[in-house]
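Note sheet for the following structure.
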Amino acid sequence: MDKGNTGGTTSLVSKDVRIEGDIQGNENLQVEGKFKGSIKLTGDIGIGPTGVVDADVEADNIVIQGQLNGNVVARKQLQIQSSGKLLGDCTAQSIDIKE
């Protein structure tokens, strides 16, 4: 993920963690566990291979290796890796879908 203007700070939702609620902020976020709610960041979001996100998501860059159920707004790039799944609508300046 591009560290953008966040100073390289990344928050982590680890593999064995489940969170419900809303996340807003100026940091990057890496989700390896489960999250339900909404996410709106000025940084980047990565959803790891074990990550499951049930949320509408807005960020600069979004990388999906796990599963995202919800609508996505990537202000810069949306990248869906070969293991990634997106179930929802997406808007992005650039979209990269791996085979």
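The values are calculated or read from the model by the stated rules, or taken from the named source; none is laboratory data. What you are looking at is a predicted structure, and each value in this text was computed from that prediction instead of being measured. So basically every Cβ, Gly included, is an ideal-geometry build from the backbone, and we count neighbours across all protein chains shown. To get the accessible areas, we keep the full protein, side chains included, count just its heavy atoms, and leave off ligands, DNA and RNA. Shrake-Rupley method; radii C 1.70, N 1.55, O 1.52, S 1.80 Å.
Residues in region 62-77 that are part of a strand (DSSP E or B) and open to solvent by less than 10 Å² (accessible area, probe 1.4 Å): how many? Steps first, answer last, please.
Quick first cut of region 62-77, residues part of a strand (DSSP E or B) only: 62-64, 67-69, 72-77.
In the following step, the residues that additionally are open to solvent by less than 10 Å² (accessible area, probe 1.4 Å) were identified as 62, 64, 68, 72, 74.
So the answer is 5.
Of all residue pairs spaced 6 or more apart or on separate chains, those with beta-carbon atoms under 6 Å, a first member in region 83-98 that is under 17 Å from Pro49 (Cβ atoms) and a second member that is open to solvent by 70 Å² or more (accessible area, probe 1.4 Å) are Ser83/Pro49; Lys98/Ser82. Annotation note: of Gly37, Gly25, Gly21, Gly33, the sole residue that is free of Cβ contacts under 8 Å to residues at least 40 places away in the same chain, over 9 Å from the mean Cα position of the chain (by Cα) and open to solvent by less than 10 Å² (accessible area, probe 1.4 Å) is Gly33. Just one of the listed residues (Leu78, Leu86) is farther than 16 Å from Asn28 by Cα and among the aliphatic types (A, V, I, L, M), namely Leu86. If you go through region 83-98 and keep only what is assigned to a loop (DSSP other than H, G, I, E, B) and under 15 Å from Gly46 (Cβ atoms), you end up with Ser83, Gly84, Lys98.
Just for region 4-60: of the residues that are part of a loop (DSSP other than H, G, I, E, B) and among the polar types (S, T, N, Q), which one is farthest from Ala74 (Cα to Cα)?
Step one: list which residues in region 4-60 are part of a loop (DSSP other than H, G, I, E, B), which gives 4-9, 14-17, 26-27, 32-33, 42-44, 48-51.
Cutting the leftovers down to among the polar types (S, T, N, Q) gives us 5-6, 9, 14, 26, 42, 50.
Details: Asn5: 15, Thr6: 16, Thr9: 19, Ser14: 23, Asn26: 15, Thr42: 10, Thr50: 21 Å.
The qualifying residue farthest from Ala74 (Cα to Cα) is Ser14.
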